[in-house]
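Asks: This structure is in structure tokens; I'll ask about it shortly.
The values are calculated or read from the model by the stated rules, or taken from the named source; none is laboratory data. Note that this is a predicted model, so its numbers are computed, not measured. Here the Cβ positions follow ideal geometry from the backbone for every residue, glycine too, while neighbour counts run over all protein chains shown. Remember, those area values only see protein heavy atoms, side chains included, never the ligands or the DNA or RNA. Shrake-Rupley method; radii C 1.70, N 1.55, O 1.52, S 1.80 Å.
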Amino acid sequence: MSTPKTYEVLARAFAQEQVETCFALLGDANMNWGTTLAGLGTRMIYVRHEHCAVAAAMAYARKSGRTGVATVTCGPGLTQLMTALPAAVRANLPLVVFAGEAPLKSGWYNQGIDQAPFIRATGASYHSLHHIPRMPEAIRDAFLEARMTRKPVVLGIPFDLQDRDWPGEVTLPVPSADLVPDVGPMPPHPDDIARAAKHVGESKKIVVMAGMGAVLADAGEACRKLAAKCDGLLATTLPARGLFYDDDYCLGVAGGFATEAGRKLLAEADLIIAVGTILAHHNADGGKLFGKAHVLQIDVEPVAVSQGRVAAHSHVRADARLGVEALTDAIEARPGQWRAEETARLIRETPPDSEPFPIEDGIVDPRAVVDALEAHLPVEWEMVNSSGHCSYFFAQMPSRPQHRFLTIREFGAIGNGISFAMGVAAARPNDTIVLFDGDGSLMMHIQEIETIARHGLNILICILNDGAYGSEIHKLRAEGMSDEGAVFGRPDFASIAKGFGIGGQTVTDLTILPALIEDFRERGGAAIWDFPISDQVVSPVIRRAHPPASHA
């Protein structure tokens, strides 16, 4: 047998980690490795921009529960990752990125750069692998690190080393899955539960608010029972939205995206039981959402200060489900007073945002678009919400369960939606994916429509098209300034879609949606539905943060 190249052994080391899907853009420093990995049975999604490889891997990790894998070339390939990686770090998404490095043998290389400072500045880990015999073990360790820390790990391997013959016999280490500590969830301390029960007993209006830690710990049902026993209401963070979608006493999202009814009721709360959440700034709308309440946090990593503000006042260190179950057992049941039909009716019948706006002829209100999509899209389809001004509207779809709705917004960047949709499509290949995005966001990586078409991904893209960067125009107008720099006109996305070989439709009459949806269900494939919307409808998030300036 011929001696294998080092890149072949490194590909085998990745394959041993049960890498089913890899998002890739090939160049000198990763193409031999990537091609070999594909030959070993890994499904390769070949994207058109490096950022999109990592962003897609993020959504894949969230939806599949596996470590996301991406690969880019060295130098300019790696520097394209600087927007995706901070979001992955803050969203606690495990990734391994094979990035390559410039060749060591060259005194000068055009694409050479010191890669480690770039990656570490994002909060991700970076490891240069320069000792060939230990590279397979270092790859295994990278997967173990990603699993244990739930953070991205980037590997830099000079491509001249990758091209060397493998020295000696090929012996791969045991895979990382065999080394992950086999331990049970963390139970709470009885003293912590006793103090928490005292807070519950002294409170009158309680909201149990669940985050992604509650989702991962399968604590949803426990949270429902706690709320019912203490006459409390339910709410979620934005990433966990939909966890209590079918509960009459769920307020929906607690945060900047809270509904009118949610804001009213959260303002009345005197105790927030925050389960499995980092208590981010937006989760409390900067302290304006439930400012009167004592915040009790149940989490394996409790915090006092989060993102610049005092976020919690008392704590239970525990697994979300075990902590909630113990607290439920420790409290006395109380009769339903807040959990009354009046409250359920307020939640059920109050629109998320009732502010009136004039709507021009030939275009639609974004809230009406979302209401129509909520009413008619099949419940089994996967929903992906992007970022930007439009994301507030698309978050108002209360009938959608959490496991069918993905939101990753931790770095606040637009332009990620199409990549997230591709990641979800790869994780759920038998499902229909619906991406909700804005025109400005889609235009940032519109080239990935070609990727969707080439790989046959089943993605329906619904665009709220206001012909501008929505958040920016509303902020500029509120300041009494010109919005010229943020207005671009409405692209004809239906024609663009057809040019890439997928379906396209401009929708100004919402009554045709049921027929369009049925047609798409029968045909499958991919399409863009372009909804021209009024640029006069300002989300409540912007209205609160940027009220119109008064000018003398």
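Asks: Between a residue in region 332-348 that is hydrophobic (A, V, I, L, M, F, W, C) and any residue that is surrounded by 12 or more Cβ atoms within 10 Å (Cβ to Cβ), which pairs come within a Cβ distance under 6 Å, given they are 6 or more apart or on different chains?
Replies: From residues that are hydrophobic (A, V, I, L, M, F, W, C), the pairs are ALA333/LYS229; TRP338/LYS205; TRP338/ASP231; ALA344/ASP248; LEU346/ALA261; ILE347/ALA261.
Asks: Can you pull out every residue in region 232-275 that is modelled with pLDDT of 95 or more, over 14 Å from PHE405 (Cβ atoms) and in a loop (DSSP other than H, G, I, E, B)?
Replies: GLY232, ASP247, ASP248, TYR249, ALA254, ALA258, THR259, ALA269, ASP270
Asks: Considering only residues that are among the aliphatic types (A, V, I, L, M) and open to solvent by less than 60 Å² (accessible area, probe 1.4 Å), look in region 513-533 and name the one that is nearest to ASP365 (Cα to Cα).
Replies: Filtering region 513-533 down to residues among the aliphatic types (A, V, I, L, M) leaves 513, 515-517, 526-528, 533.
Retained after the next criterion (residues that are open to solvent by less than 60 Å² (accessible area, probe 1.4 Å)): 513, 516-517, 526-528, 533.
Working: LEU513: 15, LEU516: 19, ILE517: 20, ALA526: 25, ALA527: 22, ILE528: 19, ILE533: 6 Å.
Step by step, filter region 513-533, then rank; the result is ILE533.
Asks: Follow-up. Only one residue in ALA70, ALA53, ALA13, ALA88 is crowded, with 21+ Cβ neighbours inside 10 Å, over 26 Å from the mean Cα position of the chain (by Cα) and not polar (S, T, N, Q). Which one?
Replies: Numbers: ALA70 fails: over 26 Å from the mean Cα position of the chain (by Cα); ALA53 fails: over 26 Å from the mean Cα position of the chain (by Cα); ALA88 fails: over 26 Å from the mean Cα position of the chain (by Cα).
None of the other options fit; the residue is ALA13.
Asks: Can you confirm whether ALA545 is touching an Asp or Glu at 6+ places or on another chain (Cβ under 7 Å) and surrounded by fewer than 17 Cβ atoms within 10 Å (Cβ to Cβ)? Step through it out loud before you land on a result.
Replies: Values: touching an Asp or Glu at 6+ places or on another chain (Cβ under 7 Å): no; surrounded by fewer than 17 Cβ atoms within 10 Å (Cβ to Cβ): yes.
It is false that ALA545 is touching an Asp or Glu at 6+ places or on another chain (Cβ under 7 Å) and surrounded by fewer than 17 Cβ atoms within 10 Å (Cβ to Cβ).
Asks: Additional query: Could you tell me whether THR79 is open to solvent by less than 10 Å² (accessible area, probe 1.4 Å), modelled with pLDDT of 95 or more and of a type in the set (S, T, N, Q)?
Replies: Numbers: open to solvent by less than 10 Å² (accessible area, probe 1.4 Å): no; modelled with pLDDT of 95 or more: yes; of a type in the set (S, T, N, Q): yes.
Answer is no for this residue.
Asks: Considering region 356-396 alone, what residues qualify as being crowded, with 19+ Cβ neighbours inside 10 Å, over 16 Å from the mean Cα position of the chain (by Cα) and within 17 Å of ILE459 (Cα to Cα)?
Replies: Of everything in region 356-396, those that are crowded, with 19+ Cβ neighbours inside 10 Å, over 16 Å from the mean Cα position of the chain (by Cα) and within 17 Å of ILE459 (Cα to Cα) turn out to be LEU373, LEU377.
Asks: Could you tell me whether any residue of region 12-23 is part of a helix (DSSP H, G or I), free of Cβ contacts under 8 Å to residues at least 60 places away in the same chain and more than 21 Å from SER176 (Cα to Cα)?
Replies: Looking only at region 12-23, we keep the residues that are part of a helix (DSSP H, G or I), and these are 12-16.
With free of Cβ contacts under 8 Å to residues at least 60 places away in the same chain added as a condition, the list becomes 15.
Still in the running and more than 21 Å from SER176 (Cα to Cα): none.
Scanning region 12-23 turns up no residue that is part of a helix (DSSP H, G or I), free of Cβ contacts under 8 Å to residues at least 60 places away in the same chain and more than 21 Å from SER176 (Cα to Cα).
Asks: Take residues that are at pLDDT below 95 and tell me which of the strands (runs of 3 or more DSSP E) falling wholly in region 390-494 contain 1 or more. Steps first, please.
Replies: Values: elements: 405-407, 433-438, 459-465.
So the answer is 405-407.
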